[in-house]
Each structure stands twice: as C-alpha cells, then as structure tokens.
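Structure record follows, encoded as structure tokens.
The values are calculated or read from the model by the stated rules, or taken from the named source; none is laboratory data. Here the structure is a predicted model, which is why all the values come from computation and not from measurement. Glycine also receives a Cβ, built like all others from the backbone with ideal geometry; neighbour counts cover every protein chain displayed. To get the accessible areas, we keep the full protein, side chains included, count just its heavy atoms, and leave off ligands, DNA and RNA. Shrake-Rupley method; radii C 1.70, N 1.55, O 1.52, S 1.80 Å.
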Amino acid sequence: MTATTSIRTSPQKTFSDWANRHRKWLFASPAMIIVGLLIAIPLVWTIYLSLTNSEGSVRSEHDFIGFDNYAEVFADFDRFWPAVWRTFLFTGGVLIVELVLGMAIALLLWRPFRGERWVRVAILLPLVATPVAVGMMWKLIFDPNIGFANQMLAFFGIPAQPWLSGELTALPTLMFVDIWQWTPMVVLILLAGLTSLSDEPDEAARIDGANSWQRFWFVTLPLMRSTVIVAILLRSIDALKTFDILYATKGKGGGSFHEVETLNVYAYGLSFDYNDYGVASAVLIIFFLLIIAIMWAITFRRKEKASK
Amino acid sequence: MKRSVIRITGIATAALLLGSGLAACSSGDGGGGGSETLRVTLVNHVWTDIIKEKIPEFEKESGIKVEVAQFGEDQLSDQYNVKLNAGSDEIDVMMYRPLQEGKLFAKNGYMADLSDRVSENADWDWADYQEGPVNSTTYDGNVVGVPIITEQEVLYYRKDLLEAAGLEVPKTMDDLLAAAEQIKNENPGVAGFVARTGKSAAVTQFSSFLFSYGGDFIDKDGKASVNTPEAKEAYATYGKLIHDFGPDNVSTDMSWSEAMAIFTQGGAAFYTEADSLYKNATDPANSKVSDTVGFAPIPAGPDGSKAYNVPSWALGVNEASGNQDNAWKFIEWATSQDMTLEIQKAGVPGARTSVWDDPEGISTYPADLAEAIAISTKNGIGHDRPLVIKVPEAREIVGEPIVVAITGGDSDAAADAANKAFQALLDDENK
C-alpha cells in the first residue's frame, strides 16, 4: 500500500503525468523558445540602442541617454513627421484602391468564361516579379526624357509629366506602381473567397427581385467580410513596410526633397547612411508600436463584431 | 466553408511571403575558409573587371585562393556597415572610398594599420604615390589604405555642336554659360548643359565649381563656409546651367548614370563629370556621340580652373581579419607598378606618379583628356566633398542649395540655411 502511494507520488510519475497533460506545449516548446529568442533578442537590443547615443559603430562606446532620442524624433518636423504622414498616405491610398479594384476584378472573374485561365495568369504576372526589378522597370518607363510614359504622352500631344522626378508626383506615381503590383494578390484572395460562397443566398435574393448591385451590396459583400479583412490585414502590413520600390526608384533619403521618404526609408537612411544607430532604433521602435496598434485595432474590431 | 477558405488563402500567402523571404536571404556568402583562402570584397568598377581576370595569375603565383565578392556601391556600404559593425572576420581585403567612409572606418577601428607594410618593400615603392591620395588614406598618421583609382573632374563636350555654333571650347565659366545658352537656343531638343542633379550625388561634381569660384565647404579655421559670396555664386551658376540651359524635363534625382545617358544619347552639349567615366562616352557600344566627344579642363572661375583630384577608391585590410599577411600580399600584387600601368592603360586613372610620368601610361587616352587630366592633377584640390566623419549627412546638407538652384529657387537663402546646419554638424563632430 505504502509502495503504491510512493509510486503514485514519485517525482517521475508526477512529471510524466504533467508532461502527458501538456504534451502539445512540451513538444512545441523548443521551437517556440528559439522563435521567441529570435524575436526577443533583436527587439530588446533595438530598444536598448534606442536609449543610447550609439553612432558610427555599434561596438564603439556609447552612453545611456534615456528617452532623448525619442524626444528628438518627436520634435523632428523636417523628416520624421512627414515620413509618418507619407507612410499612412501610401498605405491608406493603395489599400483603398487595391480593395475596390481587386473586388471589381474578382467579381468579373468569378463566373466561368472562355479563356478564363489565360486571363488569370495574365493578371497574376506582376505579382511574381521581384519588387526591386519592378522598381527598376518603372524607373525606366517613367524616365523624364527617354522614358516610355512621356514618349507615349508626346504621341498624343500631351506635354511631358515629371512622374517620379516631381516633388508632388513621385509618391502618387509609386502608389500607382504598388497598386499595379499588388492588386492581383487582393484579387487572388477575394476570388478564393467568392468561389467558396454558396449560391443559395444569392439565388434567394434574385428571386426576391434584388438587382445585381443590391445582391452584391447586401448579400455577397457581408458574406465576404472575413475574406476582405484578411486581404486588408495582409496588404496593410505589406504596404506599411514597403521599401524595395521606393529605394529602387528614388534611392536613399527618398529623393532630393525626401518626397517619398516613408518611415522605413527614413530608418534605413538613419542607420545605414548616417550610422546614427540610437535615433534609428528609436524610429523603428515607434514604427513597431504604431503597427502593433493598428493591427490590434483591425483585429479587435473584428473580434468584437464576431462576438455580437 | 468560409474558415477553410481563409485558411487556404492564409497558407498560400504565408508560403508566398516565406518564399520571397528565403529568396532574399539566399545571397549569403561562402563561409568557411582557412588562412589559404583570401576573401576580397570589391565594387562594380572597370578596375574590378580587370583585376578579376588577373586573379588566377596571383593564385598560381602565391598558392592563395581568392574569393571575390562584388557589389554595387550602395550594396557595398551596406555590407560593410553590417559586417564590420559585427566585427566579422569574413572580409580580408576591402575596396573602400577613402573620402566617403575612410574617416568613419578608421575611427571605428575597422582598418588595419598598414604603415609598416607599405615601407617594407622598396621595389613596390610607397613614395611613388601621389601626395593627395596618400593623405586621404592616412588616418592619425597611420596608413590604412592603398589608393587604386583617382578621379579628376573634366568638361565633356560635343565637338560637332560647338562647330555648328561657331564656338570655341569654353575657357571660363562665363564662356560656358554663354555657349550653353546659344546651343540650347539653336538646337531644339538639345540641352546646353547637363550634370548630376541628385542632392547627394551632385555634391562631388559641384565641388570643382565651388573651388573654381574660390570657395570650399570648410574654411581654414574649420568653420562651415557654404554661404560665402563665392559659394553662393557657385551654387547659382551650377543651378542656372541646369535650370536655364539643361534638359527640358530635368529631374532632381540624377546621378552619373542618368546624366551620362542624356549626354551619350546626344541630349546635351556640355557635361561635367569625373574623368574615370570617360569610356562610357567614347565607347561606340554605349554612346551615340562617341566620335564627336571632346574633353577639356573645368572652365576657370574667378579663382582659376580648380578641379578636384581625389582617390575615389582604395584597398584596405579588415582589422578583424585573421589573414592580414595574405591580404597584404594581394594588395601588393594588385597595386604594383606593372599592374597599375596596365589598368591605367585600360582606362582607369591610378595614383602612381611613375605611371603618369611614363608616356605609355597615357598612351591610350584621348589626347585632350590626357591634357585636361594633367592640368587638374597639377592644380587639383584633394577632396570633392566635405571631409568629415558623417559624410553622407554632410553631403545632403551642402547639396540642398544645389537642388534649390536647379529648380529655380532662392539658392542664396538655401546656402545660408545649409551653412547653419553644416556648422551644427561640425560642432557635433568636434565635441
């Protein structure tokens, strides 16, 4: 009797019981620890750097200066705040256009038609190109003197436009490039959502005499809500961190007037061009918090609605 | 049903993102390597193309295996920023820009001291190197690099356009302004003048204008001096040349490749640029104007014709490298008199006096170019950008008035603002 109790309460037994109950965590833990460290170490290091005056080399001596870098960044109305504004203008702008355009194209492709496969392949082409190559290509097209865009305008007798080189036109031009490249992905996501919808609600609405716009607005769109949110999430994360096409077309600092300098380009310039690691880290931490706040807002609203 | 769709799209996108992420990461480096393997990091340049062809000879001679990593200029500085910052020993020999990164790297302790090595071998002859370039590769009295490529700014021009307009090659800045204006007016679609316009990129080519007008970025007392009357005039002239007589749709992003493209496509009569790029203009494969292009010294300003004469690239050794002896062997081989002569004949101006004195050293150059180079080597200024630690930041500050002038703004006011910002940067560095 005593023997059995001792077996039951032996440490090994307790452990294996515990391990049995928690096995899904136990087996996953090595991977989780490694991934956690891979996220935590750079993050902690960046937070630490953002509180120092590190510059030149991260290995050289630096002092702990508290929140001075943050104060400096928040007071910077020349580069930082315009960069924040451009980041959100870019993200918001491309997101709206890509969603509307993506939904329109997805609806067109929804019902089977002849040559459907070819059209789908053609639409997906921009998606498979490397962003840097895309940037280089559009840079050539938009070259003010020898570029295709201005040559074509000249053919129609329209004066040449500054496109990428203009202080005010550069950002909209790059938004157009982003829309050109990424709308296909939105189409892909929305089309997957559309094809999985069942036909019954739509048919019911049709019998009730709803016209096609009403059927789209009151039946299809509400059913598509979660798919649309996925598209918004994926695209906004991507658009917020857009760097390649901005850098490939306008270089460091986002052009001579910083006209396309988003937070990403700004942070890159601070660390790789100016070697100002302290300030660069502060900008990145602020950017990180901003993204988390936005993503939280999007997903939180979704959960709230779902629980209703 | 809906959930599975989300899951599938989620997985698909995740796979997509992962795929592109992996592709982006795959450009790592060979790794490994004992002391018999030498890792050399070079920039895309004519010099590099030539030396790469020769490397098998060096490998055979020395028994050292050379692994070359080659990058564009921006990618190269990113590589250095990441690897040298981490104290990596993955780079042994590095090709670097003494004027751009030299001070920063030396201050950070990235560069091995080569002082003893350069004086060891009398045959190799360190004393043969031009004084300006040597100064730029010396930090705190220690030699940290060997200059391999020098640059002087020259005036590229179109002989046919000048002839048609009945003009002489401009000798002064005023001549240049007048000639650019006349040619632009007489030839629709052809600009009188083109040059770099990007804020940071233009600074180096603007510097010869600044010097010729009697200015400099920093005065003798170490104070910012980009708003002196001389500097303001230089900004205004450079700006006027491009704003009034430049290409119709001028952008403010042009570096040498864009400006060179306009010139070589026949779009401009005059172009001021580094001589080391002359092959782009004279090679029929790249240039529509290859047989009508001429070269002249920078037109004289009130202070004469003062082009920059700088070492644009040098070879250094990574302080963290465990292979410094072999690294030096490589540098010694790549910078020998014979090699320098051969590379210079292929169109890359070097830094060795003996090669310049040797008639063979300039035998392959267009005669007018060789003449222009000779003049700039004689009165040239040893820098083409502010010589500070934070060069990229300084370039953006002193480049601001250039952009303002190009776009027809108030460049005097911009120069005053730039001077204030530049002084703040100098104060910060001298703290």
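Kindly indicate which of B:ASP384, B:ASP410, B:ASP416 is among the acidic types (Asp, Glu) and open to solvent by less than 20 Å² (accessible area, probe 1.4 Å). Quick ask: steps written out before the conclusion?
Numbers: B:ASP410 fails: open to solvent by less than 20 Å² (accessible area, probe 1.4 Å); B:ASP416 fails: open to solvent by less than 20 Å² (accessible area, probe 1.4 Å).
Exactly one of B:ASP384, B:ASP410, B:ASP416 is among the acidic types (Asp, Glu) and open to solvent by less than 20 Å² (accessible area, probe 1.4 Å), namely B:ASP384.
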Q. For B:ALA259, all conditions in the list (1) without any contact (Cβ under 8 Å) to a residue 40 or more places away in the chain; (2) within 12 Å of another protein chain (Cβ to nearest Cβ); (3) in a helix (DSSP H, G or I) hold save one; what is the number of the exception?
A. (1)
Q | Of the criteria (1) open to solvent by 50 Å² or more (accessible area, probe 1.4 Å); (2) within 11 Å of chain B (Cβ to nearest Cβ); (3) more than 30 Å from A:ALA104 (Cβ to Cβ), which one A:GLY253 fails | A | (1)
Q: Run A:GLU261 past the list (1) in contact with a Pro (Cβ under 9 Å, 6 or more places away or on another chain); (2) more than 10 Å from chain B (Cβ to nearest Cβ); (3) modelled with pLDDT under 90 and report the number of the one that doesn't hold.
A: (3)
Q. Being away from chain A (no Cβ under 14 Å), crowded, with 24+ Cβ neighbours inside 10 Å and within 24 Å of the chain's Cα centre (by Cα), is that true of even one residue in region B:241-249?
A. yes
(Q) Any residue that is touching a residue at least 40 places away in the same chain (Cβ under 8 Å), surrounded by fewer than 24 Cβ atoms within 10 Å (Cβ to Cβ) and in a loop (DSSP other than H, G, I, E, B) - is there at least one of those in region B:146-163? (A) no
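Go through A:ILE189, A:ILE179 for me and flag whichever is away from chain B (no Cβ under 12 Å), over 23 Å from B:SER255 (Cα atoms), modelled with pLDDT of 90 or more and in contact with a helix residue (DSSP H, G or I) (Cβ under 8 Å, 6 or more places away or on another chain).
On the way: A:ILE189 fails: away from chain B (no Cβ under 12 Å).
Among A:ILE189, A:ILE179, only A:ILE179 is away from chain B (no Cβ under 12 Å), over 23 Å from B:SER255 (Cα atoms), modelled with pLDDT of 90 or more and in contact with a helix residue (DSSP H, G or I) (Cβ under 8 Å, 6 or more places away or on another chain).
Does B:GLU181 meet the test of being under 25 Å from B:ASP303 (Cβ atoms), under 24 Å from the mean Cα position of the chain (by Cα) and either in contact (Cβ under 8 Å) with a residue 12 or more places away in the chain or within 14 Å of another protein chain (Cβ to nearest Cβ) (or both)? Write out each step before concluding.
On the way: under 25 Å from B:ASP303 (Cβ atoms): yes; under 24 Å from the mean Cα position of the chain (by Cα): no; either in contact (Cβ under 8 Å) with a residue 12 or more places away in the chain or within 14 Å of another protein chain (Cβ to nearest Cβ) (or both): yes.
Here the answer is no, as B:GLU181 does not meet what is asked.
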Q: Output yes when any residue across region B:220-228 is open to solvent by 30 Å² or more (accessible area, probe 1.4 Å), within 14 Å of chain A (Cβ to nearest Cβ) and of a type in the set (Ser, Thr, Tyr), and no when none is.
A: no
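Got a number for residues in region A:278-303 being of a type in the set (Phe, Trp, Tyr) and buried (at least 24 other Cβ atoms within 10 Å of the Cβ)? Spell out how you get there, then give the answer.
Step one: filter region A:278-303 for residues of a type in the set (Phe, Trp, Tyr), giving A:287-288, A:296, A:300.
Now drop any that are not buried (at least 24 other Cβ atoms within 10 Å of the Cβ), which leaves none.
Result for region A:278-303: 0.
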(Q) Being closer than 25 Å to B:ALA261 by Cα and either open to solvent by less than 90 Å² (accessible area, probe 1.4 Å) or not basic (Lys, Arg) (or both) narrows it down to one residue among A:GLY115, A:GLY93, A:GLY157; which is it? (A) A:GLY157
Q.
Just checking, does region A:268-278 include any residue being under 25 Å from the mean Cα position of the chain (by Cα), without any contact (Cβ under 8 Å) to a residue 40 or more places away in the chain, within 14 Å of chain B (Cβ to nearest Cβ) and assigned to a loop (DSSP other than H, G, I, E, B)?
A. no
Q.
Within region A:126-135, does at least one residue satisfy the condition of being over 13 Å from A:ILE245 (Cβ atoms) and either open to solvent by less than 70 Å² (accessible area, probe 1.4 Å) or away from chain B (no Cβ under 14 Å) (or both)?
A. yes
Q) What number of residues within region B:90-110 satisfy the criterion of being in contact (Cβ under 8 Å) with a residue 40 or more places away in the chain and within 14 Å of another protein chain (Cβ to nearest Cβ)? A) 10
Q | region A:148-171, residues that are away from every other protein chain (no Cβ under 13 Å) and assigned to a helix (DSSP H, G or I) | A | A:PHE148, A:MET152, A:PHE155, A:LEU171
(Q) For region A:101-112, which positions are of a type in the set (A, V, I, L, M), under 19 Å from A:LEU197 (Cα atoms) and open to solvent by 40 Å² or more (accessible area, probe 1.4 Å)? (A) A:ALA104, A:ILE105, A:LEU107, A:LEU108
Q. Do you know which residues across region A:51-71 are under 21 Å from B:ILE389 (Cα atoms) and either small (Gly, Ala, Ser) or within 14 Å of chain B (Cβ to nearest Cβ) (or both)?
A. A:ASN53, A:SER54, A:GLU55, A:GLY56, A:SER57, A:VAL58, A:ARG59, A:SER60, A:GLU61, A:HIS62, A:ASP63
Q. Can you tell me how many residues in region B:354-413 are closer than 30 Å to A:ARG79 by Cα, part of a helix (DSSP H, G or I) and of a type in the set (Gly, Ala, Ser)?
A. 5
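Regarding region A:198-215, can at least one residue be identified that is surrounded by 18 or more Cβ atoms within 10 Å (Cβ to Cβ) and in contact (Cβ under 8 Å) with a residue 60 or more places away in the chain? Quick ask: steps written out before the conclusion?
First pass over region A:198-215, keeping only residues surrounded by 18 or more Cβ atoms within 10 Å (Cβ to Cβ): A:205, A:215.
Filter once more, keeping what is in contact (Cβ under 8 Å) with a residue 60 or more places away in the chain: none.
For region A:198-215, residues surrounded by 18 or more Cβ atoms within 10 Å (Cβ to Cβ) and in contact (Cβ under 8 Å) with a residue 60 or more places away in the chain: absent.
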Q: Name, by its number, the condition in (1) within 23 Å of A:TYR266 (Cα to Cα); (2) hydrophobic (A, V, I, L, M, F, W, C); (3) in contact with a Ser or Thr (Cβ under 9 Å, 6 or more places away or on another chain) that does not hold for A:LEU107.
A: (1)
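Just give me the residues in region B:254-289 being farther than 20 Å from B:GLN344 by Cβ and β-branched (Val, Ile, Thr), in sequence order. Break it down into steps so the answer makes sense when it comes.
Going residue by residue through region B:254-289, those that are farther than 20 Å from B:GLN344 by Cβ are B:254-272, B:284-289.
Within region B:254-289, B:ILE262, B:THR264, B:THR272, B:VAL289 qualify.
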Q: Go through region B:111-143 and give me each residue that's assigned to a loop (DSSP other than H, G, I, E, B), open to solvent by less than 10 Å² (accessible area, probe 1.4 Å) and under 23 Å from B:ALA394 (Cβ atoms).
A: B:THR137
Q) Which residues, taken from region B:34-61, are touching a residue at least 60 places away in the same chain (Cβ under 8 Å), open to solvent by less than 70 Å² (accessible area, probe 1.4 Å) and assigned to a helix (DSSP H, G or I)? A) B:VAL46, B:TRP47, B:ILE50, B:ILE51, B:LYS54, B:PHE58
**Q.** Tally of residues being among the charged types (D, E, K, R), crowded, with 20+ Cβ neighbours inside 10 Å and either in contact with a His (Cβ under 9 Å, 6 or more places away or on another chain) or at the interface with chain B (Cβ under 9 Å from one of its Cβ atoms) (or both) across region A:222-250
**A.** 1
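Being more than 14 Å from chain A (Cβ to nearest Cβ) and open to solvent by less than 40 Å² (accessible area, probe 1.4 Å) is true for just one of B:GLY316, B:GLY399, B:GLY322. Which residue is that? Don't jump to the end; show me each part of the working.
On the way: B:GLY399 fails: more than 14 Å from chain A (Cβ to nearest Cβ); B:GLY322 fails: open to solvent by less than 40 Å² (accessible area, probe 1.4 Å).
Result of the check over B:GLY316, B:GLY399, B:GLY322: B:GLY316.
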